[in-house]
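The structure appears below as structure tokens.
The values are calculated or read from the model by the stated rules, or taken from the named source; none is laboratory data. Here the structure is a predicted model, which means the values were calculated and not measured. In this analysis, Cβ positions are derived from the backbone assuming ideal geometry, glycine residues included, and neighbour counts consider all displayed protein chains. For the accessible areas, the whole protein counts, side chains as well, though only heavy atoms, and no ligand, DNA or RNA atoms are used. Shrake-Rupley method; radii C 1.70, N 1.55, O 1.52, S 1.80 Å.
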Amino acid sequence: VQLQASGGGLVQAGGPLRLSCTASGRTGTSYTMGWFRQASGQEREFVSAIARRSGATNYADSVKGRFTISRDNGKNTVYLQMNSLKLEDTAIYFCALDTSGYYVSRTRYTYEYWGQGTQVTVSS
């Protein structure tokens, strides 16, 4: 399984940005895709996740109401629409995949495969 994340960049506070993550390889059809982020000097933290089959979602409290996760099953792609970005959203964003798809997990150890990360920088 390979994950390719894209869409990061530099954006002003309050602005939007959309991240994409495309999965390839033997993913199966029941996986969960998650987004995590890691700011400099910080632990990697959960952002959001979506189940491919059911569309069930999960969000960190810090992004709820500002970020929206969605999927395009035909493209094996998950999107993270980020609105009203704040300085504290600055981080490297990683997509990750859990092939079991049993849960829309917030736990990083649930996810077996990880993308390379894409930098999001929010400026004032």
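Its Cα centre serving as origin, the chain has a Cβ charge dipole (Lys and Arg +1, Asp and Glu -1) of approximately 280 debye.
Return the loop-located chymotrypsin sites (Phe, Trp or Tyr not before Pro) in the stretch 37-124 (DSSP other than H, G, I, E, B) with at most 14 other Cβ atoms within 10 Å of their own Cβ; answer none if there are none. Let's see the in-between values first.
On the way: sites: Phe46, Tyr59, Phe67, Tyr79, Tyr93, Phe94, Tyr102, Tyr103, Tyr109, Tyr111, Tyr113, Trp114; in loops: Tyr102, Tyr103, Tyr111.
Filter output for the stretch 37-124: Tyr102, Tyr103.
Between Arg66 and Arg44, what is 0.36 nm times their sequence separation minus the Cα-Cα distance? Round to one decimal in nm. The Arg66-Arg44 span can extend by a further 6.0 nm.
If you count only protein heavy atoms with a 1.4 Å probe, what accessible area per residue comes out for the chain, rounded to a whole Å²?
Numbers: 6260 Å² over 124 residues.
Dividing the accessible area of the chain by its residue count gives 50 Å².
Each part reduced to its alpha carbon centroid, the stretch 1-50 and the stretch 103-121 end up 7 Å apart.
Of the solvent-accessible surface of the stretch 2-124, computed with a 1.4 Å probe over protein heavy atoms with every protein chain present, carbon and sulfur atoms account for 46 percent.
Across all directions of projection, what mean area in square nanometres is found for the Cα convex hull of the chain?
Values: hull surface 26.7 nm².
If I average the Cα hull's projected area over directions, I get 6.7 nm².
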